[in-house]
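Following: one structure in structure tokens, then a few remarks.
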Amino acid sequence: MTDILKRDGKRATEPYNRAKLEHSLQAALHSVKAPAGQAEDTARAVCDRVEQWLLGRHEVTAHDLRRKAAEALEPLHPDAAFIYKNYKTIM
Amino acid sequence: MTALNLFAIIMLAALIHASFQLGISLLTLLSGHSLGAKSRHRKLLSLTGSFTLGAATMTALLLCSFAYAAVVFYGTTVPALVWAVTSGLLAGIGVAVWVFYYRRGAGTALWMPRPITAMLYTRVKSTGFAAESFSLGLTSVVAEIIFVAGPLIAASLSLAELPRSLQALGVVSYVLVATLPLVVITMLIGGGHKISRIQKWRENNKRFLQVAGGTALLVLGYYVYANIVVAQLALRGVAS
């Protein structure tokens with residue numbers, strides 16, 4: 001099981017949670033008006049790719065996890081990838 | 001000062017106020033969250049509309065408060081010294097906008113204390129009702145007070161000098177122009193535009209908006225100094 005190093009320092013680490021990642025990806029896809037079915041399929045495909053990357057890694061930072069997910073999302077839905085990647089720099 | 005000159009100051013100040021981006025950032029985030037949570041279109045419109053109404057209300061309240069304070073302290077003739085200080089304030093904020101309005105790097109992150117930004121992010125995430133959205137709109141204007149104080153003060157001093165019959169028109173005009181970008185974004189989102197397109201436009205044009213906002217503040221400062229301060233001093237010289 002891979003541990004995710006949190007950026008804010010409130011909690012040092014938390015175990016990787018596929019449901020959480022899928023939920024955040026679906027939120028980004030819905031925010032750019034992707035149809036519900038497409039959002040679910042795309043989020044699942046991105047999670048699969050991220051999990052392949054996580055294999056053999058015991059610890060990754062939340063930032064790297066987000067970056068990898070955005071990279072995997074980019075070819076599937078560029079608009080959603082843009083929002084997912086830049087969420088923290090909107091304000 | 002003629003009413004036309006005073007209206008020109010109010011309108012330019014309102015345009016500068018409109019160029020500031022915190023409200024738009026918050027509105028974009030709020031829409032993103034609402035859409036991401038699969039909210040109904042009606043709820044999305046209710047949230048964005050309430051946010052815009054909140055921002056307009058706080059703008060009107062601040063403008064009226066400043067104008068009232070100006071009338072109480074100076075009556076209907078604001079001293080040249082106060083206009084001179086306002087002119088300096090506008091120039092100072094103009095340079096500040098040029099130098100550090102946006103944070104370095106990609107995105108449209110603004111120069112604001114990080115705890116305030118974190119608090120606003122948390123509030124946007126947990127906003128689910130129109131009343132909360134309205135409060136967020138009120139807060140967005142206060143959170144950006146460092147930058148909007150200049151145009152607000154210039155407009156309120158102009159309002160104090162306007163004839164009473166035109167003061168309400170001045171307040172309404174300022175609020176309408178200052179909240180116009182929020183109204184436009186609300187309409188775009190309501191009309192089905194993707195927030196990714198809106199955000200990409202903002203990112204591509206952020207330097208232009210920064211330079212335009214800073215330059216407009218300097219221009220307003222110069223206009224106030226040349227047209228009011230120098231004119232008042234010249235008149236005093238002629239009288240003596």
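Each label was represented as a point 7 Å from its Cα along the Cα-to-Cβ direction; for A:T61 and B:V211 these points are 3.3 nm apart. Inter-chain neighbour count for B:29-36: the average number of beta-carbon atoms from partner chains within 10 Å of each residue's beta-carbon is 5. Once the 1.4 Å probe is applied to the protein heavy atoms, the protein assembly as shown comes out at 48 Å² accessible per residue.
Could you work out the local net charge near B:G49, counting Lys and Arg as +1, Asp and Glu as -1, over the other residues with Cβ closer than 12 Å to its Cβ? Once all neighbours under 12 Å are counted, the net charge is +2. In the P(r) worked out for the protein assembly as shown, what percent of Cα pairs fall beyond 34 Å? It works out to 34 percent of all Cα pairs. Among B:10-19, A:77-86, the peptide with the highest mean count of other Cβ atoms within 10 Å heads the list, and the full ranking is B:10-19, A:77-86. Each of B:V171, B:V124, B:V72 has its accessible area taken with a 1.4 Å probe; listed largest first, they run B:V72, B:V171, B:V124. For chain A, with equal point scatterers placed on the C-alpha atoms only and solvent neglected, what are the log10 I(q)/I(0) values from the Debye formula at q = 0.17, 0.21, 0.24 1/Å, to two decimals? Results for chain A at q = 0.17, 0.21, 0.24 Å⁻¹ read -0.69, -1.01, -1.23.
Take the residue pairs A:K68/B:K43; A:K88/B:K38; A:K68/B:K125 and return only those whose Cα atoms are more than 22 Å apart.
Check vs 22 Å cut-off fails for A:K68/B:K43; A:K68/B:K125.
Chain B packed on chain A takes about 2000 Å² of accessible surface away from a 1.4 Å probe, both sides summed. Relative to the globular-protein estimate of 2.2 N^0.38 Å, the Cα radius of gyration of the stretch B:24-71 stands at 1.55. Among complete DSSP H helices in chain B, those whose alpha-carbon atoms stretch at least 20 Å along the helix's long axis and whose mean Kyte-Doolittle hydropathy reaches -1.0 are B:3-19, B:22-36, B:41-74, B:80-100, B:145-161, B:164-178, B:206-224. Compared with its chain on its own, the stretch B:89-108 contains the following residues whose accessible area drops by 20 Å² or more in the full protein assembly (probe 1.4 Å; ligands, DNA and RNA excluded): B:A106. The modelled label-to-label distance between B:L61 and A:Q38, using points 7 Å beyond Cα along the C-beta direction, is 4.2 nm.
Each peptide in B:36-46, A:43-53, B:172-182 was scored by the mean count of other Cβ atoms within 10 Å over its residues; highest first, the order is B:172-182, A:43-53, B:36-46.
Computed in the context of the full set of protein chains, the accessible area of the protein assembly as shown at 1.4 Å probe radius has 66% of its extent on carbon or sulfur. The relative contact order of chain B comes to 45 percent, based on Cα pairs under 8 Å that sit 6 or more residues apart. Across the stretch A:3-90, the mean sequence separation of Cα contacts (distance under 8 Å, 6 or more residues apart), normalised by length, yields a relative contact order of 32 percent. Helix A:36-54 and the longest principal axis of the Cα set of chain A meet at an angle near 30°. Every helix of 4 or more DSSP H residues in chain B counts as -39500 (n - 2.57), and over all residues that averages to -27000 deg cm²/dmol at 222 nm. Share of pairwise Cα-Cα distances greater than 28 Å in the stretch B:96-240 is 34 percent (whole percent).
Take each residue in B:116-124, count the other chain C-beta atoms within 10 Å of its C-beta, and the mean is 1.
The values are calculated or read from the model by the stated rules, or taken from the named source; none is laboratory data. Model, not experiment: these values are computed from the prediction. Virtual Cβ from ideal backbone geometry, glycine too; neighbours counted across all protein chains shown. Protein only, heavy atoms only, side chains kept; ligands, DNA and RNA dropped before computing areas. Shrake-Rupley method; radii C 1.70, N 1.55, O 1.52, S 1.80 Å.
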